[in-house]
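What follows is a set of notes on a single structure, which appears directly below.
Values in this text are rule-based calculations from the coordinates and carry no lab data. No experiment lies behind these values; they were computed from the predicted model shown.
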Amino acid sequence: MEFDYNVEILCTYNLGPMAYPLDSAVKITYLTENAPNRDAFKVALKSKNPFKVLSEGYKAFNTLRLKKQSMIHAIKNIESER
C-alpha cells in the first residue's frame, strides 16, 4: 500500500551514512554541521588537562546552543508553513 505523502525528517546531527535506505519521497534535513563531542569531553576530563577541558567544554556548549537554536528555528518554520 502506497501513500502519496511527502515526508521530511529533521535530524540534529549528521553522523554519517544511514543504516538503511529510505524511500525517495522522504527528505532528510540536517539542522547543524556539528557532531556531539561527549566522548572527547570525557577524555579531556580524565586527562586532567585544564586547557583541553576548557576547549572541549566550549565546543560542547556551542554544539548544544546550536542544537537548541536550530531546532527552535526549524519548528517555527514548520508552524509557519501551515
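Stretch Met18-Lys52 to full length: gain in nm at 0.36 nm per residue minus the Cα-Cα span?
Separation in residues times 0.36 nm, less the Cα-Cα distance, equals 9.1 nm.
Only one of the values (i) 16.1, 56; (ii) 17.4, 58; (iii) 18.5, 57 was calculated from this structure for Rg and Dmax of the Cα atoms in Å; name its label.
Label of the calculated value: (ii).
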